[in-house]
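Input: a single structure, listed below in structure tokens.
The values are calculated or read from the model by the stated rules, or taken from the named source; none is laboratory data. Keep in mind it's a predicted model, so treat the numbers as computed, not measured. Neighbour counts run over all protein chains shown; Cβ positions are idealised from the backbone, glycine included.
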């Protein structure tokens, strides 16, 4: 039996009809919602991670691409888990390049927030740092796709710790007023992560762009600050 068949069989045995109903509601799969048309099997995330761990060494790009092309959400999320494990285990720049190429060339299938958020900081972030190609994130952020933009921004989760503060803040500024709340949340989340290592830079950015920062972004960014500081910032008063 081919590896892809083994992966699909392993996932199918974990399907849970009751969980399917819950997940299809949680991930907004109704008409006109961001996850419209997404199909779920109802598999828990730790179980998908376990399947990925069991098969990532044997899976080839064709197997991963088959999973990514699936309309079933858990197939695509498991593919992302496999790619993150393969990137981490890669023994050479060539192997990392192959994993990155598979991920980025199929980015239209990295098409829900959990798939993006579980993978881009483990593949795109390290790749950008290792190759010095930060411009790649600007290119992704300029694409019309919500998910390409989120891939770019959440990659900062890795890159903040490597010193890409000015570049990262510029990246966030480029889509600060994006209309979708999933970008508002991503931007705010990444600003909150920045504050763990450079709170002054985060606060300076918020103060500079205060009139254009969506309230959701602002609340996410300052969530971990002391309550009196949060209250003042929400009124436009900065430390």
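Of the residues 176, 136, 182, which single one is outside any helix (DSSP H, G or I), out of contact with any strand residue (DSSP E or B) (no Cβ under 6 Å at 6 or more places or on another chain) and surrounded by fewer than 19 Cβ atoms within 10 Å (Cβ to Cβ)?
Result: 176 is the single residue among 176, 136, 182 that is outside any helix (DSSP H, G or I), out of contact with any strand residue (DSSP E or B) (no Cβ under 6 Å at 6 or more places or on another chain) and surrounded by fewer than 19 Cβ atoms within 10 Å (Cβ to Cβ).
Given the condition surrounded by fewer than 16 Cβ atoms within 10 Å (Cβ to Cβ), in contact with a helix residue (DSSP H, G or I) (Cβ under 8 Å, 6 or more places away or on another chain), assigned to a loop (DSSP other than H, G, I, E, B) and modelled with pLDDT of 95 or more, answer yes or no: does some residue in segment 190-198 qualify?
no
Any residue at all in segment 70-85 that's surrounded by fewer than 18 Cβ atoms within 10 Å (Cβ to Cβ) and either modelled with pLDDT of 95 or more or closer than 30 Å to residue 181 by Cα (or both)? Break it down stepwise before answering.
Residues of segment 70-85 that are surrounded by fewer than 18 Cβ atoms within 10 Å (Cβ to Cβ), as a first pass: 70-71.
Still in the running and either modelled with pLDDT of 95 or more or closer than 30 Å to residue 181 by Cα (or both): 70-71.
The answer is yes; a qualifying residue exists.
With the condition kept exactly as written, say whether any residue in segment 2-19 is buried (at least 19 other Cβ atoms within 10 Å of the Cβ) and closer than 30 Å to residue 132 by Cβ.
Within segment 2-19, not a single residue is buried (at least 19 other Cβ atoms within 10 Å of the Cβ) and closer than 30 Å to residue 132 by Cβ.
Please return the ranges of helices (runs of 4 or more DSSP H) entirely within segment 1-81 where 3 or more residues are more than 23 Å from residue 123 (Cα to Cα) and either without any contact (Cβ under 8 Å) to a residue 12 or more places away in the chain or touching a helix residue (DSSP H, G or I) at 6+ places or on another chain (Cβ under 7 Å) (or both).
It comes to 3-12.
Taking the stated definitions as given, is residue 158 surrounded by 19 or more Cβ atoms within 10 Å (Cβ to Cβ), under 15 Å from the mean Cα position of the chain (by Cα) and without any contact (Cβ under 8 Å) to a residue 60 or more places away in the chain? Spell out how you get there, then give the answer.
Details: surrounded by 19 or more Cβ atoms within 10 Å (Cβ to Cβ): yes; under 15 Å from the mean Cα position of the chain (by Cα): yes; without any contact (Cβ under 8 Å) to a residue 60 or more places away in the chain: yes.
So residue 158 fits the description; yes.
Restricting to segment 219-229, name every residue that is touching a helix residue (DSSP H, G or I) at 6+ places or on another chain (Cβ under 8 Å) and over 16 Å from residue 182 (Cβ atoms).
Result: 222, 223, 224, 225.
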